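Below: the structure, in structure tokens.
The values are calculated or read from the model by the stated rules, or taken from the named source; none is laboratory data. These numbers were taken from a predicted model, which means no experiment stands behind them. Reconstructed Cβ throughout: ideal geometry from the backbone, glycine too, with neighbour counts over all protein chains shown.
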Amino acid sequence: MINRLGKRVLDSRKNLNELAALINQTAYWLVVGPFRPKGFKWRWTIRQVVQTGKEAVPIVTLIAAAIGMILALQSAYQLRRVGALTMVATLVSVSVVRELGPLITAIIVAGRSGSAFAAEIASMKVAEEVDAMQTMGLHPVKFLVAPKVMGLIIALPCLTLMADLVAILGGMAVGVMGLGISVGSYYQQSLVFLEVPDVINGLIKSVFFALIISLVGCYQGFSVTGGAEGVGRRTTSSVVTAIFLVILADVFFTLLNYVVA
Amino acid sequence: MTVEYPAPIIIETRGLTARYGNRVILDNLSLGIPKGLITVILGGSGSGKTTLLRHLVGLNKPTGGKVIIMGQSLWDLSRAEELKVRRKMGVLFQGGALFNSMTVAENVGLALREHTKLDDKVINIVTNMKLEQVGLAGFGDLMPEQLSGGMKKRAGLARALAMDPEILFVDEPSAGLDPITAAGLDELLINLKQTFKMTIVVVTHELPSLFLIADWVYMIDKGRILYTGTMENMKKTEDPKVRQFLDRRPDRAEYDPEEHLRSLMAGV
């Protein structure tokens, strides 16, 4: 029993070391890389932005619109009782921009791209492609991790902004068509309590979420063992871990905001 | 025990030891790879031959001992110095290990594009030459998934040769190939040795391949060297384990009925 516990502790320490090494190298290739000749794969990064960002637009739009509508309906149901129906717009816009937009987008992207990162790297590792890279004197982190992290840091905030906008429009659709609020007053109410720092706050969060999702995906990919089955296990595990850590980070940020404000 | 090598040594292991947890994979191996010849590392599954190869090419860090390549140990070098040594080494992995997101030509030209200041046109010419050398001229624009197993291996070889290495490592060249394709690959290796005086290290368990290409042989069993020497001497050896391997005789454990019964009763 104690033996097993000890092994667990040692294992997790080894994992932490590996994770730290990955973060360290990624930071190197992200910060130092771009200033060296051929040090950063811009083309690979752009491809990542397209894959993780552009291709996620339809699904993010759909879900963000639905979230906006649900939020509007749900808050209307409660606010009507206290006679504050006009506050629906405010509630939707503020909670979407500060909280739900970044969070929902990050969860969708963790499911779409975090898993793809893990699967890609894990299957490359299984096929000895990562080994081949190393023997060719090419750094796997530079080629496989840095472009993904950078790509997601660019793509996720953009997706988040779009999700914010779409969710507010979704709320507006409910407000205008279902609750009889005019477009003009809904629009004005939306902006009453919404301030620029709220938007920035959400974007900063999404940058951190991007870091979490991409690093978790890549880390899980590199730690694959076994064949195709291992790839599947790592893919699943990358989504679960990334979503968990994103939500945990969100709790932390919200708490921090609350305390500071 | 001193070994008479047929040529100067280009790679050397000194007391190389590898462990996974408590399991010893390589046990204090000291061996040399002669320059300009084909050395075959022979061994059954689980003998440690693949682990040995991974140490020779610098993918695994030794638990103990050293691997000296052209006078240097990869693990003691700075990144820039390590790169200089790595540029002189090419590795062909078992399945070719081509990067699936790139075309065959991009695969072959990748190292040139990253490590040299050559013009794209020059890189294209070199890439075409290498593909021609392995018999894949005109296949550069295909994606790896469009190639057969044998072609993937040839493309992997072209990629390993892209930087004109002095040493070529090959992991199981015949694995998964039909006899004709396998023989073709063997012939390619012999050509490389004869034309470019390349040092070639091949890990295999395939006997036909061994007889065709080997100049110098190491046989590995349970992490130790069982046999060292030339191909000719190996055929004459009396060592029972080496003979068993060469004659393809299966393992027969001594049958002890009492021991068998005890093992069945274990835990009852």
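Brief remarks follow.
- One residue from B:ILE220, B:ILE180, B:ILE190 being at pLDDT 85 or above and closer than 27 Å to B:LEU16 by Cα: B:ILE220
- B:ASP251, sole failed condition from (1) acidic (Asp, Glu); (2) out of contact with any helix residue (DSSP H, G or I) (no Cβ under 9 Å at 6 or more places or on another chain); (3) under 19 Å from B:GLU206 (Cα atoms): (2)
- Flag for A:THR160 being under 27 Å from B:LYS88 (Cα atoms), without any contact (Cβ under 8 Å) to a residue 60 or more places away in the chain and either touching a strand residue (DSSP E or B) at 6+ places or on another chain (Cβ under 8 Å) or among the β-branched types (Val, Ile, Thr) (or both): no
Quick grid of which residues meet (1) touching a Phe, Trp or Tyr at 6+ places or on another chain (Cβ under 9 Å); (2) facing another protein chain (nearest Cβ under 8 Å):
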{"position": "B:LEU59", "(1), (2)": "no, yes"}
{"position": "B:PRO62", "(1), (2)": "yes, no"}
{"position": "B:SER73", "(1), (2)": "no, no"}
{"position": "B:GLU81", "(1), (2)": "no, no"}
{"position": "B:LEU92", "(1), (2)": "yes, no"}
{"position": "B:VAL104", "(1), (2)": "yes, no"}
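- Note on region B:185-268: enclosed helices (runs of 4 or more DSSP H) holding 2 or more residues that are within 15 Å of the chain's Cα centre (by Cα) are B:207-213.
- When A:SER93, A:SER115 are screened for being assigned to a helix (DSSP H, G or I), away from chain B (no Cβ under 14 Å) and more than 16 Å from the chain's Cα centre (by Cα), only A:SER93 passes.
- When restricted to residues that are in contact (Cβ under 8 Å) with a residue 12 or more places away in the chain, within 10 Å of chain B (Cβ to nearest Cβ) and more than 19 Å from B:ASP171 (Cα to Cα), region A:124-143 contains 3.
- Residue tally, condition in contact (Cβ under 8 Å) with a residue 12 or more places away in the chain and either out of contact with any Asp or Glu (no Cβ under 6 Å at 6 or more places or on another chain) or of a type in the set (Phe, Trp, Tyr) (or both), over region B:54-81: 16
- Residue within region A:51-59 that is β-branched (Val, Ile, Thr) and surrounded by 18 or more Cβ atoms within 10 Å (Cβ to Cβ) present: yes
- Being out of contact with any helix residue (DSSP H, G or I) (no Cβ under 8 Å at 6 or more places or on another chain) and within 14 Å of chain A (Cβ to nearest Cβ) is a description that does not apply to B:GLU132.
Conditions tested, residue by residue: (1) among the polar types (S, T, N, Q); (2) not in a helix (DSSP H, G or I).
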residue: B:THR13; (1), (2): yes, yes
residue: B:LEU31; (1), (2): no, yes
residue: B:HIS55; (1), (2): no, no
residue: B:LEU83; (1), (2): no, no
residue: B:ALA105; (1), (2): no, no
